[in-house]
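Here is the structure we will look at.
The values are calculated or read from the model by the stated rules, or taken from the named source; none is laboratory data. The model shown is predicted, which means the values in this text are computed figures rather than measured ones. Note that we place each Cβ from the backbone using ideal geometry, even for glycine, and neighbour counts take in every protein chain shown.
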Amino acid sequence: MKIAFFEVTEAWERKGIIEAFGDSCLIFDKPLQEVDLSVHQDIDAILVFIYSHCTSEQLSKLPNLKYLGTRSTGYDHIDKQYCNSKNIVVTNVPRYGENTVAEFALALLLTISRKVYSSIKRVRSGSFDFSGLRGFDLAKRTIGIVGFGNIGQKFAKMCKGLEMNILVYDTTPDKVSAKANEIGVTLVDLETLYKDSDIISLHVPLLPQTTRMINKESISKMKNGVVIINTARGDLINSSDLLDALMHEKVLAAGLDVLEGESMIKDELELLHKENKEVSNMQILVADHMLMNHQNVFVTPHNAFNTQDALERILVTSLSSIKEFIEGRTVVCQIKS
Ligand SMILES: NC(=O)c1ccc[n+]([C@@H]2O[C@H](COP(=O)([O-])OP(=O)(O)OC[C@H]3O[C@@H](n4cnc5c(N)ncnc54)[C@H](O)[C@@H]3O)[C@@H](O)[C@H]2O)c1
């Protein structure tokens, strides 16, 4: 079986892969779309990260493909329908570190509530004056958690430790109600969550129904001065609408590990030189840049997953999944739907 790994940039990962599969597997540091696949038609299995565009156009260049593993939880970069039609087994890493991402969401929230970034900048600039750096307590404030899966639950436990009131919305209330009781959070509908939360944190997957769920209309239902945290996927938020709400002080602040159309930010020089610039893409990019430079917005480069502990767990799970597939065992992390 010919296996190819994409987006492998670090020596320890390469070493782990070679120890598991020998040096006959292909290891690329680039994402799938940047590799000339025409000379690798014999590939049977690929393992990618989130910057590989696993579209039908790319995947159809690999006629032998039987297995596609993503070394991430989210799999919105994969054309799942195409894979189903070609019987390609798709796996993700559903639980590499709910604590890892939840800790980052908390870091963004504390950065905002206690003006940590500005405080450090103040001292670095040579001043020890705290004027203008007053924050607010999290204890007793109400946080609305949208999506009560692995990460949302872990984040709720952390917020509980901070003595916050916690509202939760999830589309599978029957599945999560026992956990909600155990942690001590209140399950509500989305309208109530928008209306009553001082802070809203997103922990849902990117799906057609969640795409741009934070937009002009939903923001209008929120409290004045709400804080928004997004460590899930950038396209959950309409960047222009968020920017507008920040400029009108409807939204006080935002902590964003992910941005709408963030893959374009990585490729934006290339995009600027394209003949057919899509105006809507340009609008998103402009809004993203204005968000990145807004004094009450804290954007990080999709970094919430990025701890050595989490990356080691991701590699171990990814390698076990493909071994299960090769050995004809049940592939535990197969995405079924
Ligand atoms: N920034 C990062 O580095 C990073 C890392 C890991 C995961 N993520 C993102 O975080 C997301 C959540 O991860 P997870 O492990 O908690 O996933 P999960 O599958 O365990 O939980 C997702 C929850 O969202 C709920 N849900 C689905 N659609 C919904 C909707 N429309 N409204 C409300 N709830 C809905 C589901 O019922 C589920 O309980 C992932 O899909 C991924 O996109 C980001």
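Which of the residues belonging to the range 188-225 are hydrophobic (A, V, I, L, M, F, W, C), away from the ligand (no atom under 11 Å from the Cβ) and assigned to a helix (DSSP H, G or I)?
Ile219
State yes or no: is Asp170 surrounded by 18 or more Cβ atoms within 10 Å (Cβ to Cβ), touching a strand residue (DSSP E or B) at 6+ places or on another chain (Cβ under 6 Å) and among the acidic types (Asp, Glu)?
No, not satisfied.
Could you please find all residues in the range 128-160 being within 14 Å of Ser197 (Cα to Cα) and near the ligand (Cβ under 8 Å from one of its atoms)?
Correct list: Val146 only.
So which residues in the range 192-219 are over 19 Å from the mean Cα position of the chain (by Cα) and in contact (Cβ under 8 Å) with a residue 24 or more places away in the chain, if there are any at all?
Those that are over 19 Å from the mean Cα position of the chain (by Cα) and in contact (Cβ under 8 Å) with a residue 24 or more places away in the chain: Thr192, Leu193, Tyr194, Lys195, Asp196, Ser197, Asp198, Lys216, Ser218, Ile219.
Give all pairs with beta carbons closer than 7 Å in which a residue from the range 167-187 that is closer than 22 Å to Met222 by Cα meets a residue that is among the charged types (D, E, K, R) and within 11 Å of the ligand (Cβ to nearest atom); count only pairs at least 6 apart in sequence or on separate chains.
Tyr169/Asp189
Among the candidates Arg134, Arg124, which residue alone is touching a Lys or Arg at 6+ places or on another chain (Cβ under 8 Å), loosely packed, with under 11 Cβ neighbours inside 10 Å and among the basic types (Lys, Arg)?
None of the others qualify; the one that does is Arg134.
Wholly within the range 226-337, which helices (runs of 4 or more DSSP H) include no fewer than the required count, namely at least 2 residues that are under 25 Å from Ser119 (Cα atoms) and modelled with pLDDT of 95 or more? Lay out the reasoning, then the answer.
Working: elements: 239-247, 262-266, 268-272, 279-293, 308-326.
Counting at least 2 such residues, we get 239-247, 279-293.
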